[in-house]
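Structure first, commentary second.
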Amino acid sequence: MNEVIKNIETRRSVRSYKNDPVSKEIIESICKAGTFAPSAQNKQPSIILAITNKDMVARLEKINAKYTNNPDGHPFYGAPVVLVVLANKDHPNYIYDGTCVMENLLLASASYGLGSCWIHRAKQTFEDEEGKKILKELNIEGNYEGIGNVILGYPNTEIPAAKPRKEPYIYYVD
């Protein structure tokens, strides 16, 4: 089977991680894959925050948790790496373009045998005053909206098999 197709068909969301760090080289490779996502008119309106600093991960997780049903929870599931995708709202297709970046990050993570999971609420995180403060601290300026968070690391659980695909999923028009 084609390796890309195999990677797509076997990638699953992981919600339990080992404490083992992910090498900077692997993180850089995954992020680079994100930069090759398609974007409308090749405007590339997205940016990626690659976060391994435990204090920063904890700050972002705390903000993210505020917008869940469990504000004291841990929506990043102990993952050692958080990749945040933000996209410039001045571009009309920024949400779609940022979503393509997210998918590339998820698939690239799986290609290294890492677990990953798309965690929502990046939009709320960076609309929050604390989230805005973080962007300012990082010298990130612009009209950005959070698209999503990709948490990743070495899985502390078995990757489940895919559930059957719904029927009908594909309609052919010849």
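The values are calculated or read from the model by the stated rules, or taken from the named source; none is laboratory data. Since the structure is predicted, the reported quantities are computational estimates derived from the model, not experimental observations. Cβ coordinates were reconstructed from backbone atoms using ideal geometry, including for glycine residues, and neighbour counts include every protein chain displayed. Side chains included, ligands, DNA and RNA excluded: accessible areas come from the protein's heavy atoms. Shrake-Rupley method; radii C 1.70, N 1.55, O 1.52, S 1.80 Å.
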Across the range 108-124, which residue is most open to solvent (accessible area, probe 1.4 Å) among those that are over 10 Å from the mean Cα position of the chain (by Cα) and of a type outside the set (S, T, N, Q)?
-> Tyr112
Looking at the range 12-55, which of the residues that are among the aliphatic types (A, V, I, L, M), in contact with a strand residue (DSSP E or B) (Cβ under 8 Å, 6 or more places away or on another chain) and part of a helix (DSSP H, G or I) is surrounded by the most Cβ atoms within 10 Å (Cβ to Cβ)?
-> Ile30
Which one of these is in contact with an Asp or Glu (Cβ under 8 Å, 6 or more places away or on another chain), more than 21 Å from Asp128 (Cα to Cα) and modelled with pLDDT of 95 or more: His91, His74?
-> His91
Result of the Cβ filter at 6 Å on the range 48-75, keeping first residues that are closer than 19 Å to Ser16 by Cα and partners that are open to solvent by 50 Å² or more (accessible area, probe 1.4 Å), at least 6 apart or interchain, is Asn64/Arg121; Ala65/Pro71
Filter the range 68-105 down to residues that are among the aliphatic types (A, V, I, L, M) and open to solvent by 30 Å² or more (accessible area, probe 1.4 Å), then give me how many there are.
-> 1
Taking Ile159 as the residue in question, decide whether it is at pLDDT 95 or above and either within 19 Å of Arg59 (Cα to Cα) or touching a helix residue (DSSP H, G or I) at 6+ places or on another chain (Cβ under 9 Å) (or both).
-> no
Matching residues, the range 1-45, being within 30 Å of His91 (Cβ to Cβ) and of a type in the set (Asp, Glu) = Glu28
Restricting the search to the range 34-75, which residues are among the hydrophobic types (A, V, I, L, M, F, W, C), in contact with a helix residue (DSSP H, G or I) (Cβ under 8 Å, 6 or more places away or on another chain) and farther than 13 Å from Val150 by Cα?
-> Phe36, Ala37, Ala40, Met56, Ile63
